[in-house]
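Colleague: Please see the structure below; I have some questions.
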Amino acid sequence: MPRIALIPGDGIGLEVVREARRVLEHVASSEGFDIELTDWDLGADRFLRDGITITDEEFRSLDEDHDAVLLGALGDPRVPGNQHAKDILLGMRFKLDLYVNFRPCVLLSPALTPLKDVKGPLRLDIFRENTEGEYTGIGGVFKDGTPDEIALEENIATRKGVERIIRAAFDYADTRGRGRVTLVDKSNVMRHVGGLWRRVFSEVGQEYPDIEQDAMYVDAMAMDLVRRPERYEVIVASNLFGDIVSDLAAEVTGGLGLAPSANIHPGRNALFEPVHGSAPDIAGTGRANPIGAIRCVGLLFDHFGYRDVAERIESAVIASIEVGSTTPDLGGQLSTQEVGDWLLRHFDTALPRTTNQEASDRND
Ligand code: ATP
């Protein structure tokens, strides 16, 4: 029985996780899956109330007593610097060693891309290294506040860290029938770290002779993702480049409200979170799009081996977009909860998924 911790967090995190939870419970009960959900009060309110972000015992429990975490968003204007968000989110990534940040960016409907001319279906599966790079906090300032100030932020790349994320990307391409893996780096300038990435990419790539492989500098990739995104399939990158490229890819495939992500240590634990933040500007208005969080539920079922369930959630989401049953960010008029209602109804009535579009047209 998968044990899942729910951390709604802050702002619209509470609203979107409420809908994701309904989908999770509904699908589990209609498919006969046994899941155990626990609610976690982590976020700005708790920090402001108790002065605690997250304790070591809570990290331990998330790691050892749970199989997965579903997180909404962390970030609150009342907390300067969002220290709580860093402690909780980066803490989980590092302490649970969630080294794969998987961000599938799929164009669910041609109308959703801001690009003029996208040829063919678009699916960019991004594998971002999640535990190294510029995110370890190693560095410091010297003579701060003076004209001679020096600031250092180290870029950490270990053979182990680079190899395991590259291997995860190739394994995924191999098992999901994807034809190309592209490495993103800046090895013309960052020769030491970039050189390690290139060498390991080429070594691991030799184990996958049937998969096309190439490497791009990050600036060229930024250009190409706008010019011809359909050329790419699986992309693997360091922590920082993966962050930037995946935001660009998310925007090209429909925007922040739709994109899910998974932080995974294969075989140990996984944390699922929508790519968007806490969006304080719309929190409490009922305008938050819950699809990113609901697609996280799909990734979660996929992670536990129920790929068909994930695909059915994806089908329901596509159908809702096709008929305009969406929140205002996608041009619709439904509230967060109404989108949740629509998807629950559709998940039940529109299966099997091959016929779901016809069914959605009949039902709505
Ligand atoms: P963070 O620093 O936590 O990433 P941010 O402010 O950079 O936060 P978001 O909180 O994701 O980014 O919000 C960016 C913009 O996108 C805001 O205007 C917000 O209203 C909008 N937005 C984000 N998520 C959603 C959503 N699920 N539905 C609708 N609009 C959203």
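Colleague: Can you say what percent of the DSSP beta bridges in the range 105-258, counting only those with both residues inside, are antiparallel? Round to 5. Before the final figure, lay out each step's value.
Modeller: Details: 7 of 21 bridges.
Antiparallel bridges: around 35 percent, rounded to the nearest 5.
Colleague: Okay, next question. Taking H placed 1.01 Å from N in the peptide plane, check which residues at least 5 places from VAL275 or on another chain put their amide H under 5 Å from its amide H.
Modeller: ALA259, SER261
Colleague: Pulled fully out, how much extra length does the chain show between ASP281 and ALA151, if you take 0.36 nm times their separation in residues and subtract their Cα-Cα distance?
Modeller: On the way: separation 130, 0.36 × 130 = 46.80 nm, distance 3.30 nm.
Between ASP281 and ALA151, full extension yields 43.5 nm more.
Colleague: ³J(HN,Hα) across the range 178-189 via Karplus (A = 6.51, B = -1.76, C = 1.60, θ = phi - 60°), whole Hz, x for Gly/Pro?
Modeller: 8, x, 9, 10, 10, 8, 10, 8, 9, 6, 6, 10
Colleague: Take the Cα coordinates of the range 121-212, assign each an equal point scatterer, and use the Debye formula without solvent to give log10 I(q)/I(0) at q = 0.13, 0.15, 0.23 Å⁻¹.
Modeller: Taking Cα atoms of the range 121-212 as identical point scatterers yields -0.54, -0.66, -1.18.
Colleague: Over the range 105-258, what lengths in whole Å, largest first, do the semi-axes of the equivalent ellipsoid take, defined as the square roots of 5 times the eigenvalues of the alpha-carbon gyration tensor?
Modeller: With the √(5λ) rule applied to the range 105-258, the semi-axes are 29, 21, 12 Å.
Colleague: Would you work out if the range 49-191 is rounded, prolate or oblate? Take a ≥ b ≥ c from the square roots of the eigenvalues of the alpha-carbon gyration tensor; rounded if a/c is under 1.5, else prolate when a/b is larger than b/c, oblate otherwise.
Modeller: Prolate is the answer for the range 49-191, as a/c is 1.5 or above and a/b outweighs b/c.
Colleague: Next question, about the same structure. Could you list the trypsin sites (Lys or Arg not before Pro) in the range 83-162 that lie in coil according to DSSP, counting only those with at most 13 other Cβ atoms within 10 Å of their Cβ? The partial results should precede the final answer.
Modeller: Details: sites: LYS86, ARG93, LYS95, LYS116, LYS119, ARG123, ARG128, LYS143, ARG159, LYS160; in loops: LYS116, LYS119, LYS143.
For trypsin sites (Lys or Arg not before Pro) across the range 83-162 that sit outside H, G, I, E and B with at most 13 neighbouring Cβ atoms in 10 Å, the list reads LYS116, LYS119, LYS143.
Colleague: Hey, another quick one. So for the chain, considering every pair of alpha-carbon atoms, how many percent are separated by more than 26 Å?
Modeller: Numbers: 34294 of 66066 pairs.
Cα-Cα pairs of the chain separated by over 26 Å account for 52 percent.
Colleague: Then there is this: To the nearest 10 Å², what's THR175's accessible area with a 1.4 Å probe?
Modeller: THR175 has an accessible surface of roughly 100 Å² with all protein chains in place.
Colleague: Another one. Which parts of the range 205-236 would a label at ASN188 reach, counting a residue when its backbone N lies under 13 Å from a point 7 Å out along Cα-to-Cβ?
Modeller: Within reach of a label on ASN188, which here means backbone N under 13 Å from a point 7 Å along Cα→Cβ, the range 205-236 contributes 216-223.
Colleague: Quick one: ranking MET190, MET1, MET221 by accessible area, 1.4 Å probe, largest first, what do you get? Intermediate results must be reported in sequence, preceding the final value.
Modeller: Values: MET190 60, MET1 120, MET221 0 Å².
Largest accessible area first, the list is MET1, MET190, MET221.
Colleague: Run through the DSSP bridge list for the chain and note the antiparallel percent, rounded to the nearest 5.
Modeller: Rounded to the nearest five, the antiparallel share is 45 percent.
Colleague: Can you compute 3J(HN,Hα) from phi for each residue in the range 127-140, using the Karplus curve 6.51 cos²θ - 1.76 cosθ + 1.60 with θ = phi - 60°, rounded to whole Hz and x for Gly and Pro?
Modeller: Rounded to whole hertz, the list is 10, 9, 5, 10, 10, 9, x, 8, 9, 7, x, 6, x, x.
Colleague: Using +1 at the Cβ of each Lys and Arg and -1 at the Cβ of each Asp and Glu in the chain, identify which of VAL184, LEU90, PRO77 lies farthest towards the dipole's positive end.
Modeller: After comparing all options, I get VAL184.
The values are calculated or read from the model by the stated rules, or taken from the named source; none is laboratory data. What you see is a predicted model; the values in this text were computed from it and never measured. Don't worry about glycine lacking a Cβ; one is built from the backbone with ideal geometry, like all the others, and counts go over all protein chains shown. Accessible surface is based on the protein model in full, side chains and every heavy atom, while ligands, DNA and RNA are left aside. Shrake-Rupley method; radii C 1.70, N 1.55, O 1.52, S 1.80 Å.
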